Amino acid sequence: MKPSYVDLHCHPSLKPYGKSFKYQPQKQNHLNSGRKNSIWHYSPPNFLERQVSRLLTLTKFTQTDMTTLAKANCNIVVMSLYPFEKHFLKEKMLGFKFIPDLLVNLAAGVSQKRIDNLRNHNSYFQDLQDEYNYYMQLHNMAQIIDGITFTYRLVNNYADIENNINSSTKTRKIISVVNTIEGAHAFETGLHRDKNTADETTVLNNIETVKNWEHKPFFITLAHHFYNEICGHARSISIGLIKKQQNRGLNSDITELGFKIIDKLLDNSQRKRILIDVKHMSTASRKTYYQLLDTKYASQNIPIIVSHGAVNGKRSIVEWDKSDSKLSKAFSDIDVNFYDSEILLIAKSKGIFGLQLDERRIGSKKAIRSSRIYWPSKKRRSRNKSQLIWNQVQHIAELLDKNGLFCWETVAIGSDFDGIINPIKGLWTAENIADIKPYLIEKAEAYLKENRSNLQAQNQISAQEIIDRLLFINANEFLKHNFK
């Protein structure tokens, strides 16, 4: 049976790990899926939660808990460990601490006990290790779902994934979990919002520790929401009460410490390289990183990874206000999204572009409005919302085809489910990927009917294969060639 999809970026543990701080002992991953501190806890959105998500963009329900992934027939998931950044919480707003606490608790579905822990702890690296340990507690432990025995296993390479696939049967199934990290602040940088506090020796030693974990990360997102003393970040927060806390380091370049961290991560002398994900990096730091790959690392064929992103339809970082696509007005014109020149670099490096299923990123305000429905209809909603995804796929395909490349192999799904996202309405959880697939195939068929002859011969494949590539083939092939 074909998998429904491979997810290149999601956060199955963020909510249950956050909830685990409510219980004693804390940080425990409970085997009983009825407990909210279990990564198997199944909590799909009810009617009220869906309405709240539509109106307030809050997702307190779980989207990629292991039970949801099992029900969705997702047998490979690239999870992201994320030491929650303290700067969401640290300052008083309107004179009260509870306001930012409330915002984060509502947005991420974590507990107040977790918020208190974030406010008081002083080590991102310890938080990283605790979340990793949370996964390890139930690694390879059985769970019965709909009469089928499931386990999840953290894997070290694609050979492990293949072994898990070959070992699975109709009654016993294994979900392969690939470890990654979101934000290099995890190595103990950026703890203070207003001054540099990172110690170079400590940071490099922490990277070495992670490289020697039983299940080392496959890649790391170098930047995230706040300045981390490593590189500049792109604007990613629009909430007025928190937005200004992003300002330090915004749009700056890679630092001296950052170059040393990149070298340490990419060092493959012991075959323990950790690849770099350029999502959240500022345009200045992305440009510098691409130059590094072209010079210092030119002979090493390092793929460029965007684990969860969207295109902005503009030509390049330099020509940020120019567009060559009739679809450009359908995209969100922000530089946390990616330029056409970057998409070409990703494709030429044999990299991967995970498409983020977040309405704030995937479409312009006009495109989002056009996708709305005003009378309840699951079919119409799926058809309309699939257009937001197809716009991205079509734009990238036409760009790559025009440049003589195979145009359907670069894009995959990097949902960012269970991160702090505003999900595409109707695509609430991993289970809804199956609901939208027929409509994506429908969009692909309609496109090919009108444009097949305009594509290069190598790109004239079937609509079914285009969408299978988007949902699982491309991510699977990328893992096969790079996860070693």
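Rank Met141, Met79 by accessible area, highest first, at a 1.4 Å probe radius? Let's see the in-between values first.
Working: Met141 75, Met79 0 Å².
Descending accessible area places them as Met141, Met79.
Given a 1.4 Å probe and every protein chain left where it sits, what share in percent of the accessible area of region 367-424 is carbon and sulfur?
Exposed carbon and sulfur together represent 51 percent of the surface.
Between Lys2 and Gln456, what FRET efficiency follows from the Cβ-Cβ distance if R0 is 25 Å, with the result rounded to 0.05?
Approximately 0.40, to the nearest 0.05.
Per-residue counts of other Cβ atoms within 10 Å, averaged by peptide: what ranking do you get for 64-75, 434-445, highest first?
Ranking the peptides 64-75, 434-445 by packing returns 64-75, 434-445.
Using a Förster distance of 25 Å, how high is the FRET efficiency between Asp333 and Leu56, based on the Cβ-Cβ distance and rounded to 0.05?
E between Asp333 and Leu56, to the nearest 0.05, is 0.55.
Quick one: grab the alpha carbon gyration tensor of region 353-449, order the square roots of its eigenvalues as a ≥ b ≥ c, and give me rounded if a/c is under 1.5, else prolate or oblate depending on whether a/b is larger than b/c. Before the final figure, lay out each step's value.
Working: a/c = 1.76, a/b = 1.41, b/c = 1.25.
It comes out prolate by the Cα gyration axes.
Provide the packing ranking of 269-277, 150-158, 305-313, i.e. peptides ordered by the mean count of other C-beta atoms within 10 Å per residue, highest first. Don't jump to the answer; show the numbers that get you there.
Numbers: 269-277: 16.2, 150-158: 19.7, 305-313: 27.6.
Per-residue mean Cβ counts within 10 Å order the peptides as 305-313, 150-158, 269-277.
Under the 0.36 nm per residue contour assumption, what length would be gained going from the current alpha-carbon distance of Leu204 and Gln300 to full extension?
On the way: separation 96, 0.36 × 96 = 34.56 nm, distance 2.20 nm.
Using 0.36 nm per residue and subtracting the Cα-Cα distance, I get 32.4 nm.
Tell me, what HN-Hα J-couplings in whole Hz come from the Karplus equation 6.51 cos²θ - 1.76 cosθ + 1.60 at θ = phi - 60° for each residue of region 39-55, using x for Gly and Pro?
Along region 39-55, the couplings run 5, 8, 5, 9, 9, x, x, 7, 4, 5, 5, 5, 5, 4, 5, 5, 7 Hz.
Based solely on its DSSP helices, what 222 nm [θ] is calculated for the chain when runs of n ≥ 4 H residues each add -39,500 (n - 2.57) and the sum is averaged over all residues, nearest 500 deg cm²/dmol?
Roughly -11000 deg cm²/dmol at 222 nm, from the helical runs in the chain.
Residues of region 330-368 with backbone nitrogen within less than 14 Å of a virtual label 7 Å along the Cα-to-Cβ line of His481, please, listed as ranges.
So the set is 345-353.
Which shape class, rounded, prolate or oblate, goes with region 172-280 when its Cα gyration tensor gives a ≥ b ≥ c as root eigenvalues, a/c under 1.5 marks rounded, and past that a/b bigger than b/c marks prolate?
It is oblate, given that a/c is not under 1.5 and a/b is not larger than b/c.
Would you calculate the separation in nanometres between label points at Glu256 and Lys243, each defined as 7 Å from the Cα along the Cα-to-beta-carbon direction?
If labels sit at Glu256 and Lys243, their model points lie 3.5 nm apart.
Starting from the amide H of Ile175, placed 1.01 Å from N in the peptide plane, find each other amide H under 5 Å away whose residue is 5 or more places distant or on another chain.
Thr151, Tyr152, Arg153
Taking the Cα centroid of region 137-155 and of region 391-432, what is the distance between the two, rounded to the nearest whole Å?
Spelled out, the Cα-based centre of one part sits 29 Å from the other.
Quickly work out the Asn212-to-Ile373 label distance, labels modelled 7 Å from Cα along the C-beta direction, and quote it in nm with one decimal.
In this crude label model, Ile373 to Asn212 measures out at 5.6 nm.
Ranked highest first by the average count of other Cβ atoms within 10 Å around their residues, in what order do 343-350, 162-169, 225-232 fall?
Values: 343-350: 19.0, 162-169: 13.8, 225-232: 25.9.
The packing order, highest mean first, is 225-232, 343-350, 162-169.
In region 132-152, which residues have a backbone nitrogen under 17 Å from the label point lying 7 Å from Thr169's Cα in the Cα-to-Cβ direction?
Of the residues in region 132-152, 142-145, 147-151 have backbone N under 17 Å from the label point off Thr169.
Would you mind working out the accessible area per residue for the chain, using a 1.4 Å probe, and quoting it in Å²?
Averaged over the residues of the chain, the accessible area is 40 Å².
Tell me the carbon and sulfur percent of the accessible area for region 142-201, rounded to whole percent, probe radius 1.4 Å.
Ligands and nucleic acids excluded, carbon and sulfur give 43 percent.
Can you give me the solvent accessible area of Trp408 with a 1.4 Å probe, rounded to the nearest 10 Å²?
10
Any idea how far the Cα center of region 8-71 sits from the one of region 164-211, in Å?
Between the Cα centres of region 8-71 and region 164-211 lies a distance of 20 Å.
For region 61-218, what class follows from the C-alpha gyration tensor (a ≥ b ≥ c being the square roots of its eigenvalues): rounded when a/c is under 1.5, otherwise prolate if a/b is larger than b/c, else oblate?
Judged from the Cα gyration tensor, region 61-218 comes out oblate (a/c at least 1.5, b/c at or above a/b).
The values are calculated or read from the model by the stated rules, or taken from the named source; none is laboratory data. These numbers were taken from a predicted model, which means no experiment stands behind them. When we count neighbours, we look across all protein chains shown, and the Cβ atoms used for this are built from the backbone with ideal geometry, even at glycine. In case anyone asks, the SASA skips ligands and DNA or RNA and just uses the protein heavy atoms, side chains included. Shrake-Rupley method; radii C 1.70, N 1.55, O 1.52, S 1.80 Å.
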